[in-house]
Amino acid sequence: MKKFDKLTVCLDMHGCPNRCRHCWLGASPNGNLNGDDLIFAAEKLKPFAESFEIDFWYREPDFCNNYSEMWDLTEELSDVKTPHYELMSFWRAVRDKDYVPWLFSKGVRACQLTLFGGEEKTDFYVGRKGAYNEILKAAELLLEHKIAPRFQIFVNKDNIGELSAIERLIEDMELEKRCESFGAEFNLFIHQGSCDGENEKLYDIRVTEEDLYKIPKKLSDMTLKYFGKKDLKEVFGEKESDLCRAFAQERSTYDLRESSPVFYVDGSFDVYPNISSPYSIYKLGNLKNGAEEIAKSYLENKSAAQKASFEVPVREMAEKCGDFKSGRLFSTGDYRNYLLNKYCALS
């Protein structure tokens, strides 16, 4: 069997403390895995790759109490170790005084936090009361340790009118000035996210073109700068109706395989490729039943989603599952995945 150029494996060892309504990774039960499970996954999957990397989370970063030990273990098990992502657990940050200094020690100099508006709306979307205040406290801790916070703002029709609260927050916390004081830059960006996992349930309130005019100019300018775009329409994508008409002309099918894939392993050892939410239509197998079948399933497009994408023209999916009258905004790739997921669900 041909080996992957590189295989990255992410084990959902402990899950996530939140149940965010926008999360494309879904809301599966939290796991309770340990270092031996991490070693087991590495031993099983490493033989199928020229280069191998493993991580101990794919939902909440560093959620397990022994995150430092697990980081060291993943370094030992990996051929190459990607530097710590600019992501953090704000849940851990406000409960563990050593966590933010540890992030700094790993080279993190900017870190992303997600907001949805003010306190009530952010707590609602995160799925946990008190989340908003924890996020603000985490931002303060980052600043104290010379790590620049970066705000990611997810918007739908029910919260896009609350962005002025975030604009005031930036001013009240003096985020730009305080980041500049240690030679960093405060960044922010707004988007609607993909439309899979929990976010698929928000399809009905997905933003349309007229909603973009509700975004305050300062936040709009920061978003355009972050993405390197000239217009918000480039950030938020095209109308669903326009994408449907374009796809209806396509005879193409899409091969989802990559030479260097990322595999997600959940708390029950079910394995999914990092293509969309870990729906059953993407399941490659269970690691406890052997790794060879998992690699073979991916390489031979055996899962329902990979098989459909490889064999069914996207125009057929658009005609069956698209809304040719909808003004909801999507990027081309996100909408193609949305159609694939809907098509598989209906087939």
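The values are calculated or read from the model by the stated rules, or taken from the named source; none is laboratory data. Because the structure is predicted, anything quoted here is derived from the model rather than measured. All Cβ positions, even for glycine, are placed from backbone atoms using ideal geometry, and neighbour counts span all protein chains on display. The accessibility values were calculated without ligands, DNA or RNA, using every heavy atom of the protein model including side chains. Shrake-Rupley method; radii C 1.70, N 1.55, O 1.52, S 1.80 Å.
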Spatial separation of Cα centroids for the range 286-347 and the range 237-254, in angstrom: 15
For the chain, calculated [θ]222 nm from helices alone, where every DSSP H run of n ≥ 4 adds -39500 (n - 2.57): -11000 deg cm²/dmol
Amide H partners (placed H, <5 Å) of residue 116, local residues excluded: 122
Those chymotrypsin sites (Phe, Trp or Tyr not before Pro) in the range 233-331 that DSSP places in a loop and that have at most 14 other beta carbons within 10 Å: 324
Anisotropy class of the range 62-204 from Cα gyration tensor, a/c 1.5 cut: oblate
Surface share of carbon and sulfur [accessible, 1.4 angstrom probe, percent] for the range 18-78: 46
Note, ³J(HN,Hα) from phi for the range 53-64, Karplus 6.51, -1.76, 1.60, rounded to Hz, x at Gly and Pro: 9, 10, 10, 9, 7, 9, 10, 8, x, 6, 6, 6
Whole-Hz couplings from phi, Karplus 6.51/-1.76/1.60, listed for the range 209-224; x for Gly and Pro: 4, 5, 5, 5, 6, 8, 7, x, 4, 4, 6, 4, 4, 5, 5, 5
Cα-based shape type of the chain, given that a ≥ b ≥ c are square roots of the gyration tensor eigenvalues and the cut on a/c is 1.5: oblate
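Against the empirical 2.2 N^0.38 Å scaling, what ratio does the C-alpha Rg of the range 134-258 come to?
Numbers: Rg = 17.6 Å, N = 125, 2.2 N^0.38 = 13.8 Å.
Rounded to two decimals, the normalised Rg is 1.28.
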The range 251-291: radius of gyration over Cα atoms, expressed as a fraction of 2.2 N^0.38 Å: 1.28
The range 1-94, relative contact order in percent, only Cα pairs under 8 angstrom and at least six apart counted: 36
Long-range HN-HN contacts of residue 328 with modeled amide H, under 5 Å: 240, 241
Cβ crowding within 10 Å averaged over residues, with 152-159, 337-344, 123-130, 171-178 ranked highest first: 337-344, 152-159, 123-130, 171-178
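Work out, step by step, the length gained on full extension between residue 104 and residue 249: first 0.36 nm times the residue separation, then minus their alpha carbon distance; give nm to one decimal.
Contour length minus Cα-Cα distance gives 47.2 nm.
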Cut-off under 5 Å, modelled amide H: who pairs with residue 187 long-range: 151
Sites residue 268 and residue 1, calculated FRET efficiency, Cβ-Cβ separation with R0 30 Å, nearest 0.05: 0.75
Kirkwood Rh in Å, taken over all unlike Cα pairs in the range 2-106: 14.6
Extreme residue, positive dipole direction of the chain, given options 260, 337, 294 (C-beta unit charges): 337
C-alpha center-to-center spacing [the range 22-91, the range 93-114] in angstrom: 17
Gyration tensor over alpha-carbon atoms, the range 206-347, equivalent ellipsoid semi-axes in Å: 32, 20, 12
Accessible area, probe 1.4 Å, largest first, for residues 206, 95, 257: 95, 257, 206
Rounded accessible area per residue of the range 68-212, 1.4 Å, Å²: 43
Most fluctuating residue given options 17, 61, 149, as computed from a GNM of the chain linking Cα atoms under 10 Å: 17
Zero-based 10 Å bins, Cα pair distances in the range 84-161, whole percents: 20, 50, 25, 5
Heavy atoms of residue 226 accessible to a 1.4 Å probe, total area in Å² rounded to 10: 90
Relative contact order, percent, the range 43-110 [alpha-carbon distance under 8 Å, six or more residues apart]: 31
Debye, to nearest 20: dipole size of the chain, +1 on Lys, Arg Cβ, -1 on Asp, Glu Cβ: 660
Accessible surface ranking that places the most exposed of 137, 201 first, with a 1.4 angstrom probe: 201, 137
Cα shape, the range 135-196, gyration tensor, a/c 1.5 rule: prolate
³J(HN,Hα), Karplus 6.51/-1.76/1.60, whole Hz, each residue of the range 9-20, x for Gly, Pro: 10, 10, 9, 7, 5, 10, x, 7, x, 9, 9, 5
